[in-house]
Each structure stands twice: as C-alpha cells, then as structure tokens.
Amino acid sequence: MMSEGQTMANRVCLVTGANSGLGRVTAEELSRRGATVVMVARVREKGEKAQSEIKKVTGNQSVGLLCADFTSLESVRKLVEEYKKNYDKLHVLINNAGLVSLQRKLTQNGNETTFQVNYLAPFLLTNLLLDELKASKPSRIVNVSSVAHYSGELDFNDLTMEKGYGVMRAYSESKLALVLFTRELARRLEGSGVKTYSLHPGAVGTNIWSRPAGSFGFIMKIPKLFMRTPKKGAETIIYLATEQGIENQSGEYFDDKRMRKSSEDSYDEEKARKLWEMSMKLCGLEGGAQKKDGDEILAI
Ligand SMILES: NC(=O)c1ccc[n+]([C@@H]2O[C@H](COP(=O)([O-])OP(=O)(O)OC[C@H]3O[C@@H](n4cnc5c(N)ncnc54)[C@H](OP(=O)(O)O)[C@@H]3O)[C@@H](O)[C@H]2O)c1
C-alpha cells in the first residue's frame, strides 16, 4: 500500500500537472503522507476541484494551488514569483505536466509547443527554484519522462521541427531532453544535497491519450483496460520523491521503481551540455539572470 510509505511531514512538494492523471495521484499521495503539497494546474477551475477533493480525502489542509500555462515562459516566471511569495522551502519538485500535440504549433516564445511544455518550461521552473531546493537540502527533482525518449535524437538544428513534424517525434525529443537534463543537473548539483531523477511511469490510462486524435488515434484505441491505472503509474514518481537509500543514484532513469539503462544518446555529456546552453538562451537565463552575489545559476 502506497500510504504505508515514507512520511513526508514537514516536507514541501511542488507537483506540476497536479489536477489530472499521474500528477493528481501523486499530489494526493504526498498529501496523505503529511507533506505540504503545492499543486500547479494550467486551468484554475480544474486545479480547485482537485485541490478540494485532495483535502477532503486526505484530511490534509496544507494543499496549495498555483496556476501556470507552460506554453508561456512568462507564466512560468510568474508561477515562481507566486511560489516565492508564499513558500521559502522546497524539498521535492516534480516536473510532471506534459502533453502530446497532433499538430506543429509554436508557442508565443517561438518554440515548438511539445518541446516547451514538456521540457523547456520545466528547465526554467527548476532553474528558478534552485535556491529554494538547495536551501531545503536534502531535496529532490523528479522529471517525468517516458520510454518514448529511446527514439528521440534531438536535432539541435531543427528544435522547432520545421523540417518535418511528427507527434511521436516531438514527444520523443522532449522526453529525451528531460533525461539529458536530469543527468546534466545531477552533475552540476553534485555536493549540493539536491538529487535528480527521471522516469517512465508505464502506459497509463490518463487524459493524455484522449486529447489528440487523427494519426495518433490508433494509440487512443488501445483500451484503457490494458493500461496501468494512474495509481499504479504514479508509484515510481512517489518512490523517487520519497524513498530513502537512492541518493547515490542521482541523475539516473527509472522504470517500475528500478534504475534502468536509458538511451545511448541520454549518456552523451556533450549533447547534455549543448542542450543546457541552448535552453539557457531560449529561457532568457543566459548571462546569469538569476545570478546573485557570487553563485547560483552560472555556478551550477
Ligand atoms: N499516461 C501515460 O501513458 C504516460 C506515459 C509516459 C509518460 N507520461 C507522462 O506523464 C506525465 C503526466 O501525464 P498524464 O498521463 O498524467 O496525463 P494528463 O492526465 O493529461 O495530465 C497532464 C497534466 O499536464 C498538464 N498540462 C498540459 N499542458 C499544459 C500546459 N500547457 N501548461 C501547464 N500544464 C499543462 C495538464 O493540464 P490540463 O488538465 O489542464 O490539460 C495535466 O494536469 C506527462 O509528462 C506525460 O508525458 C505519461
């Protein structure tokens, strides 16, 4: 039973995409274990509904709600401002929000939407919250990737996918970026007390399969009967957020609560460094936007 796991009393956890699917289950389970949970939702009404249900079923009233749409990097920055106004600690950051997009669309920041929502927004969110994570050590960052990352390649010359868009191509690239980011962060955060993990939750029957249609529809036709429940799918997320004894596995990729070998490309340190540098530019962090006297963003 998940509820018999590690207590999370006095821990503050931020969960993105917390109104639905895996994020919703994760937020509820962390609340049940006594954490202060800060839910992030794209749409306020959906967030409020999930927030009040979680308070009701867990009896834990320390469930906050912040809203942000990750198709806007400005919205991510506002989310961080709000967070910092209300909380000074952050023990667990769970980058869970994600989507699949049938068509190629650019965000208002000029990035391909899947890449921005699934990877770039979490990159920015994580960087802007590093002070809080470091100040709260031991702390963790959990990035919800996917087995789809195995088919990602990351074409740095075509991150906006002008040369040929495919739903799975876009999704795989974004999820490979998350695995590379997780490993790069672990290297940069060594000795800081902040650990990082990425994972595949399994094929889980959530709303993510119901949204797109068309050529992606064949996947939607896989009966949810053959998929994991969100409760089962969230187990690895909760494990990585709470389990003691995995601290020396920082940077690693997990599936079914076990460390797994991720794709060849995901171990490419040069690729990870290049991705980091490009992401800093795309997020407007270049030049140390967060730099405070003597350390932080440039130093990690
Ligand atoms: N389900 C699977 O089989 C599976 C497999 C591998 C990996 N994953 C990953 O698991 C994570 C959670 O997905 P899920 O399966 O639980 O799907 P879900 O039920 O659709 O949940 C996705 C969450 O992300 C939020 N989100 C989507 N677009 C957003 C945006 N522009 N800004 C902010 N938030 C946004 C959604 O908000 P709204 O509800 O408002 O849209 C929702 O809260 C995703 O990263 C997904 O890629 C899922």
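In table form, for the structure just shown:
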quantity	calculated
Subset of region 209-235 that is of a type in the set (S, T, N, Q) and farther than 17 Å from ARG32 by Cβ - its residue that is modelled with the lowest pLDDT	SER215
Failed criterion for ARG104 (all others in (1) free of Cβ contacts under 8 Å to residues at least 12 places away in the same chain; (2) of a type in the set (Lys, Arg); (3) away from the ligand (no atom under 12 Å from the Cβ); (4) under 27 Å from SER279 (Cβ atoms) hold)	(1)
Long-range neighbours under 8 Å by Cβ, at least six apart or interchain, first residue within 6 Å of the ligand (Cβ to nearest atom) within region 16-30, second basic (Lys, Arg)	GLY17/ARG42; ASN19/ARG42; ASN19/LYS46; ASN19/LYS49; SER20/LYS46
Residue in region 195-203 that is modelled with pLDDT under 95 and within 16 Å of the ligand (Cβ to nearest atom) present	yes
Odd one out for THR7, checked against (1) among the β-branched types (Val, Ile, Thr); (2) at pLDDT below 95; (3) within 16 Å of the ligand (Cβ to nearest atom)	(3)
Residues of region 107-162 satisfying the condition of being among the aromatic types (Phe, Trp, Tyr) and more than 13 Å from the ligand (Cβ to nearest atom)	PHE123, PHE156
Residue that is touching a Gly at 6+ places or on another chain (Cβ under 7 Å), aliphatic (A, V, I, L, M) and touching a residue at least 12 places away in the same chain (Cβ under 8 Å), where the choices are ALA135, ALA121, ALA97	ALA97
For CYS67: the one exception among (1) of a type in the set (A, V, I, L, M, F, W, C); (2) surrounded by 21 or more Cβ atoms within 10 Å (Cβ to Cβ); (3) touching a Lys or Arg at 6+ places or on another chain (Cβ under 8 Å)	(2)
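The values are calculated or read from the model by the stated rules, or taken from the named source; none is laboratory data. No experiment lies behind these values; they were computed from the predicted model shown. Don't worry about glycine lacking a Cβ; one is built from the backbone with ideal geometry, like all the others, and counts go over all protein chains shown.
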